[in-house]
Amino acid sequence: MTPIPPAVALPQPFDAAFLADPYPGYARLREAGAVHRIALPDGSPVWLVTREADVRAWIADPRLSVNKARSGTGYRGFTLPPALDANLLNIDPEDHLRLRRLVSQAFTPRRVEELGGRVRAAADRLADRLAASMAAHGRADVVAEFALPLPLTVIGDLLGVPEADRRPFAARVGAMLAPEHPGQVAESVEHIHGFLLDLVAARRAVPGDDLLSALIAAHDDGDRLSEDELVSLAFLILMAGSENAQHLISGGLLALLRHPGQLAEVSADPGRLLPAAVEELLRWAHPNQMAIRRFPVEPVEIGGVSVPAGDTVLLCLASAHRDPARYPDPDRFDIHRADTSHLALGHGVHYCLGAPLARLEIRTALGTLLRRFPGLRLAVPADELRWRCSFRSRALRELPVMPGAAAPGRPGRRGGRAR
Ligand code: HEM
């Protein structure tokens, strides 16, 4: 297939109606073709890859580069300053491997298991606050009081970010990913940039026992990473470490509340069923609609469609996860699925660095909520929930809940182990 000349108006699937409930739209796109030439809301043309087999194959294919410099058309997406852009999700091997090695030790499954006690303690502290809010107001917002602060606390502690700076950083990231007005992206990027430069300067002046201080030492002691790479790594780890886990905790709780039979099963036997429930949530409730944009380094054929070098390719994770060719009855949420594989944490060299931590956080968060708040209910009808809807990310802005018949956070259940 020849690429459509730019003069032809491209379809723009990501309008408000599509984003409000994207899954029927993805189904139509998947049926109509493996790859579509479409325009993003900002007008930039991209190739959207819809089917699971293609997404899985191409997300790990080195012929697709993540380096924006490979964009032939001048990728418009986020315009980040060099000090935020030199991060793992914009770098191809070999530089990618050099940088990833510097941080991978901090996120091995063994190191992450060691964090288990801290994650459980943070979850219990936040559950206390949630219980207090519900006792005082009859309801509480799980996003603001639990799902957002939990991963932010864990990654903030690990990286050495002062507590008072964490929420403002998360708010700026939210505004950058789903702006409420056009100027908000540039404004947020500028703020995040300044904040990270100040943070690195502060840690350099007074090093601590944290990952950022270790990275600064690696920079200052040799030539293993540049100053831009250092700041960019801090940016990516802080952003990736707080953003997605937050949405899977809130979206995961909502999914369980809306499937009471499966909620009852998981609550009765969390040790056995929670890990499988987390994998199904990663597939079904995944906030990231797309993998990071990629650019062919040579002309390629994806799903039978010729894609020129330098064009922008979006591999649609959300569509892949609902592909009936891979998952029987794909729109059904089912914690007993035989096939628990998914692409929610990526695949190939850019596989999520924080995957063990993400799983630990989601498991612990949901385990704690189910144990501390049996009978928890939505405090508003499900169709009144407010979502952040963009073609990049689909996530709850708020999740108002109220206690069920049993008293919230009743004493005596607190010490139990959240898995
Ligand atoms: C549920 C939570 C999470 C989800 C769904 C998630 C998802 C992803 C995905 C899909 C990718 C690959 C992107 C691509 O190839 O296009 C990725 C990469 C990455 N994630 Fe996560 N992530 C999560 C949590 C975390 C956490 C807690 C960290 C903390 C360190 C983290 C750090 C990273 C980094 C640094 C990369 C880039 C890896 C590389 O390029 O080598 N993520 N993540």
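The values are calculated or read from the model by the stated rules, or taken from the named source; none is laboratory data. A quick note: this is a predicted structure, and the numbers were derived from the prediction, not measured. Note that we place each Cβ from the backbone using ideal geometry, even for glycine, and neighbour counts take in every protein chain shown.
Observations
- Members of the range 363-392 that are β-branched (Val, Ile, Thr) and surrounded by fewer than 19 Cβ atoms within 10 Å (Cβ to Cβ): 380
- Answer residue from the range 77-101, given it is part of a loop (DSSP other than H, G, I, E, B) and among the acidic types (Asp, Glu) and is farthest from the chain's Cα centre (by Cα) among those: 94
- Extreme residue, surrounded by the most Cβ atoms within 10 Å (Cβ to Cβ), among residues of the range 55-69 that are assigned to a helix (DSSP H, G or I) and at pLDDT 95 or above: 55
- Taken as a whole, the condition of being among the basic types (Lys, Arg), in a helix (DSSP H, G or I) and touching a Leu at 6+ places or on another chain (Cβ under 9 Å) does not apply to residue 224.
- For the range 98-114, a tally of residues being more than 9 Å from the ligand (Cβ to nearest atom) and within 26 Å of residue 193 (Cβ to Cβ) returns 3.
- Screening residue 135 with (1) within 29 Å of residue 376 (Cβ to Cβ); (2) in contact with a Gly (Cβ under 7 Å, 6 or more places away or on another chain) gives one miss only, at (2).
- Selection within the range 178-208 - of a type outside the set (Gly, Ala, Ser), touching a residue at least 40 places away in the same chain (Cβ under 8 Å) and within 20 Å of residue 153 (Cβ to Cβ): 192, 196, 203
- A search for C-beta distances below 6 Å between a residue of the range 284-304 that is under 14 Å from residue 21 (Cα atoms) and any residue that is assigned to a loop (DSSP other than H, G, I, E, B) and away from the ligand (no atom under 12 Å from the Cβ), counting only pairs 6+ apart in sequence or on different chains, returns 284/333; 289/391.
- Output for the range 47-89, where each listed residue is among the aliphatic types (A, V, I, L, M) and within 14 Å of the ligand (Cβ to nearest atom): 49, 55, 57, 59, 60, 64, 66, 84, 86, 88, 89
- Checked against the criterion of being modelled with pLDDT of 95 or more, surrounded by fewer than 19 Cβ atoms within 10 Å (Cβ to Cβ), more than 30 Å from residue 228 (Cβ to Cβ) and not hydroxyl-bearing (Ser, Thr, Tyr), the candidates 5, 24 yield just one match: 24.
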